[in-house]
Structures are given as structure tokens and as C-alpha cells.
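The values are calculated or read from the model by the stated rules, or taken from the named source; none is laboratory data. It should be emphasised that the depicted structure is a prediction, and the values quoted were computed from it without experimental measurement. Neighbour counts are summed over all protein chains in view; Cβ atoms, including those assigned to glycine, are modelled from backbone coordinates with ideal geometry.
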Amino acid sequence: MKIARLECWQQHIKLSVPYTIAYETITSCTNVFIKIITDTKLVGYGCAAPDFYITKETADTVIQHFKDFIEPTLKGQDPFHYSRLMESLRPDLRLHPSAMAMTDMALYDLVAKKAEVPLYKYLGGFRDFIATSITIGILPVKETVAKSLEFVQKGFTILKIKGGADLEEDIERMIKVREHVGEDILLRFDANQGFSVEESIQFIEKTREVGIELFEQPTDKKNDELLGKVSAGVSVPVMADESLMTLKDVFRLARHDFTDMINIKLMKVGGINEALQINSVAKAAGLEAMIGCMDESELGISAGLHLALSRPNIQYADLDGHLDLLEDPFKGITVLKNGVLYPKDSPGLGY
């Protein structure tokens, strides 16, 4: 099997419900898609969700790197040499992780299709489904409670509440949500770097009765020592998100005990192959892992899901970035039932 030709295009996608986090309000996103056609007629698909704030990429830069590096490197090659191909691209795409992720998942899609199995089985098949959280952006307290109840009624059992803009309101928000959703719903909190160390400790102390499951990226990603101080100073597990972009990052975070958990996002780290290595370091260090996402097509969500299903150390999922996208061209390649994500039984990523 050889790669005969490749195609790449971008699509601007509006969100049905805009949302706010500590540093911005999001109303739409642009994804870039790759299609790899082989001489056997098997086709692999990949997705990039560039975010300039996080990955320093735009849709235009992803497409330019496709033309300059990805297409020339992959054309005529055997997709089963995906490790060699990705290493060949690394020098030029090292600072362009979503472009790497797009290429990586398309190659994995192809080889799993050739093997005639869903990708998670090709990767190891540890589990068949995983519960995902559903995210609630920064809203007034009453609206947060109403949105929480709406999601619980839809069957979700894990809510991730965004905050980091107003400490006192965040404390009230979490207390009120717990009062209304009851004790059986898991609550996670993501400050998106919005807190100081002192505010982080105060937040956890004042929400002790809420029973927060995990506390995601409370402090500035530019100073891991701050994250470490929070991890050492609170009883709730602290998760690194924006602080983790590369394999070196997870090694540094683990070596210095800066975090209790890590959030692996394919668009940040450069795809499945790199994510597997990051997860191995986390496992060796005793850190649990979550697979997270950006605002990305269900194709990208499917890739994250298949990765999460393949490894025992990945016990958490935050794979909801596709749910509010309008006109997603890959809609329907995963199955969501009562807050639990299942893969399609089709080969590869399910498309």
C-alpha cells in the first residue's frame, strides 16, 4: 500500500452556543482536514484544530505546511512507516502540533483500516467505552446551575465548570451547582490559568464540601513552580493542561512533582504517536491521564476517544469539543449515550 495523493482543506464552523473561559469568548472555530488516498483505494482522514493562543498556529499556516512539507514527505510512501514519516516531518513541524496531529491521525486511520479493525483495537483495546465530562463556560451563577441541570437531565454524570475570572463567584458557582445536582454527579473545575497560588488554595478550602474531583490548570503555564505549589498545598488532585505541550514537558512536570495528573490533547502534543509516549512517562511517574480536546470536529474527537480506549492509564476523558459545532462534516462517527462515548465498530476512526 502506497500513498498516491493527498488533499487538504479548511472549514470555518460556528458554535451553536458560544462559551467563555478565563481569557476569551469563543463563537466559532476553523478546522483543517487532510485526506490521504492510497493506491489500494483505502482513504485516511485527519483533523487539525489550530488555536493561535495555544499552538501558535492558524488554518492558513497548517495548509501552508501541508503544501511545503506534509504532501512532499508522504506522497509515494507506505503508511505503515508512520513512525519514520512523522520523525521526518518533526524538524519542520516541531512548532506546529495540530498540523502534526492531523497527519498522524490520518496515517493511523489508514493502517487500522488496512488491518480491518477500529483504531482502539489496533492500539491495544483496553476498554470499549469511556465517560466524558461536558464543559460549562463562564456564566452567571444562576445560568451555570440551569445549564448543569440541563446536562444532568441529558444523562451526563461529569460536569466540568470553567472559571478563573472571579474567585468569589467561582466559589459560589461550585457550591450552588453541587446543591442543585446532588451528590452523584462528578464536578471538575478548570481555572484556565486564572488564579494565583493563594487564590487556588483559598478556592479549594472554601469548596471543600463540594467534593471537586480534579482542579485543572489553576496557575500561569509560564511558571510550573506555581502549579507545583498548588499541587502540594491542596487536597484535590491538580491537573496540568496548558503547561503540557511536549514530551519534555511531561518529564519536567513529573520529575519535579509539579502536578498530580495530566491532560493530553492531540492538537497540543502533535498526535497519537506522541501522546502514547507522553502517557508512558506519566504512567511511569504515577500520574493519571485524561484525554482532552479543543473545539474540533468529531473526527478529532474520535481520534482522542480511540487513544483513550487503548491505554489503562488514561482513566479520564473530556471529549466534548464537537457537541456544539454546526455543520461538522464528520458528525456521527462516535456514539454518545448518557454521557458515555463509544466508538463505531467500523475500521480506523469510523469514517
Query raised in the report: Is it the case that some residue within segment 102-115 is assigned to a helix (DSSP H, G or I), crowded, with 16+ Cβ neighbours inside 10 Å, in contact with a Phe, Trp or Tyr (Cβ under 8 Å, 6 or more places away or on another chain) and basic (Lys, Arg)?
Result: yes
Scanning segment 297-313 residue by residue, those in contact with a helix residue (DSSP H, G or I) (Cβ under 7 Å, 6 or more places away or on another chain) and crowded, with 24+ Cβ neighbours inside 10 Å turn out to be 300, 303, 304, 306, 307, 309
Is it true that residue 238 is surrounded by 24 or more Cβ atoms within 10 Å (Cβ to Cβ), hydrophobic (A, V, I, L, M, F, W, C) and in contact with a helix residue (DSSP H, G or I) (Cβ under 6 Å, 6 or more places away or on another chain)? yes
Quick count over segment 10-33, residues being surrounded by fewer than 19 Cβ atoms within 10 Å (Cβ to Cβ) and either in a strand (DSSP E or B) or at pLDDT 95 or above (or both), is 15
query: With respect to residue 73, is the statement that it is part of a helix (DSSP H, G or I), β-branched (Val, Ile, Thr) and farther than 20 Å from residue 300 by Cβ true?
result: yes
Checked segment 173-226 for anything among the charged types (D, E, K, R), assigned to a loop (DSSP other than H, G, I, E, B) and out of contact with any helix residue (DSSP H, G or I) (no Cβ under 7 Å at 6 or more places or on another chain); matches are 183, 184, 213, 221, 222
Is segment 244-252 home to any residue that is modelled with pLDDT of 95 or more, in a helix (DSSP H, G or I) and crowded, with 24+ Cβ neighbours inside 10 Å? yes
